[in-house]
Amino acid sequence: MADLRLIDGSGTEISYILQKAETRTFRSTLPTSIINRGIDPGRFEQIVCDVGKRVQVSNQVVLYTQTTNFVRKTDVGGSADGKNWIIIRSNAYIFDQRYQGRELHNLVVSYPDSTYRYLKIMVWFDGGAVRSVTLRRMPRLLIFSGSPGERHRLFFGNAEGEPRNYDLGGAKEKLDLRKLPLAFLQAMKPNPSFSPLEREKPWTERHPVLIWVALGVGVLLLAGLLIRTVRNVS
């Protein structure tokens, strides 16, 4: 997401705000199967989910529990093969609390966009076991200023691109997302004018022979010093 560029019809780069769509209107649920469950008694339970062979993006997990009045620490790991795992979210919390007549409730753990096929959720004990798991995808909203009928192009996929940071003076806090018109992307097309940046190789990679020559000279000098030392001792 760091390399997104929004360009208007005149070729001018347009500033934007990028955020998750945190409303029911945009979220989608992913088909998920639990393939393994385990318990470390007195510590945590572990749930391994499979989202299928088809590459899908997820960024939220909903954990439905059997009890109320709890606070449980949660970690989420991802894996492409189900064997090698990377932690993608740690020290998140789900909870269900009653405080001064109010109900405080959260069963959702968010994590960075993931395309891992396998997800491992570790939930520390403080109450009953997790009853079921739902994986969700909350799409990103790209918010920008424009006029009806204008056409824009969105460029992405440049691994060498640097993140864009726009100073919009707190515009995000002033917006009511429910009242903004929606624009939709058409089919993706390759950019024929794109050419990846050719990075110059390090000096050592451009002149590997010289490295070996220098190493050989160093070995000969050390050998000469060693022979001279042995003669002096003798």
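The values are calculated or read from the model by the stated rules, or taken from the named source; none is laboratory data. Quick caveat, the model's predicted, so the values are computed rather than measured. Note that each Cβ is placed from the backbone with ideal geometry, even for glycine, and that neighbours are counted across all protein chains shown.
The number of residues in the range 206-234 being at pLDDT below 75 and either basic (Lys, Arg) or outside any helix (DSSP H, G or I) (or both) comes to 4.
For the range 143-164, a tally of residues being at pLDDT 75 or above and under 13 Å from ASP3 (Cα atoms) returns 3.
The residue list SER114, SER90, SER145, SER132 contains one member that is under 27 Å from LYS179 (Cα atoms) and of a type in the set (Gly, Ala, Ser), which is SER145.
Any residue at all in the range 83-93 that is aromatic (Phe, Trp, Tyr), assigned by TED's automatic domain parsing to the domain that holds LEU168, in contact (Cβ under 8 Å) with a residue 12 or more places away in the chain and surrounded by 13 or more Cβ atoms within 10 Å (Cβ to Cβ)? Looking through the range 83-93, none of the residues is aromatic (Phe, Trp, Tyr), assigned by TED's automatic domain parsing to the domain that holds LEU168, in contact (Cβ under 8 Å) with a residue 12 or more places away in the chain and surrounded by 13 or more Cβ atoms within 10 Å (Cβ to Cβ). Taking the range 94-126 as the range and being in contact (Cβ under 8 Å) with a residue 60 or more places away in the chain, surrounded by 12 or more Cβ atoms within 10 Å (Cβ to Cβ) and among the β-branched types (Val, Ile, Thr) as the test, the residues that pass are ILE121, VAL123. In the range 45-82, the residue that is farthest from ILE121 (Cα to Cα) out of those that are of a type in the set (Asp, Glu), surrounded by 12 or more Cβ atoms within 10 Å (Cβ to Cβ) and over 17 Å from the mean Cα position of the chain (by Cα) is ASP50.
Where in the range 67-128 are the strands (runs of 3 or more DSSP E), entirely inside, with at least 1 residues that are farther than 22 Å from ARG140 by Cβ?
Numbers: elements: 70-79, 86-99, 102-106, 108-114, 118-124.
Fully inside the range 67-128 and qualifying: 70-79, 86-99, 102-106, 118-124.
Hey, does the range 155-165 have a residue that's in the same structural domain as ILE47 (by TED's automatic domain parsing), within 24 Å of the chain's Cα centre (by Cα), assigned to a loop (DSSP other than H, G, I, E, B) and surrounded by fewer than 11 Cβ atoms within 10 Å (Cβ to Cβ)? Walk me through how you get there before you give the answer.
Keep residues of the range 155-165 that are in the same structural domain as ILE47 (by TED's automatic domain parsing), which gives none.
Looking through the range 155-165, none of the residues is in the same structural domain as ILE47 (by TED's automatic domain parsing), within 24 Å of the chain's Cα centre (by Cα), assigned to a loop (DSSP other than H, G, I, E, B) and surrounded by fewer than 11 Cβ atoms within 10 Å (Cβ to Cβ).
Residues in the range 129-147 that are part of a loop (DSSP other than H, G, I, E, B), surrounded by 14 or more Cβ atoms within 10 Å (Cβ to Cβ) and either within 14 Å of the chain's Cα centre (by Cα) or in the same structural domain as SER79 (by TED's automatic domain parsing) (or both): 1 in all. Of the candidates ASP126, ASP96, ASP75, the single residue that is in the same structural domain as PRO41 (by TED's automatic domain parsing) and at pLDDT 95 or above is ASP75.
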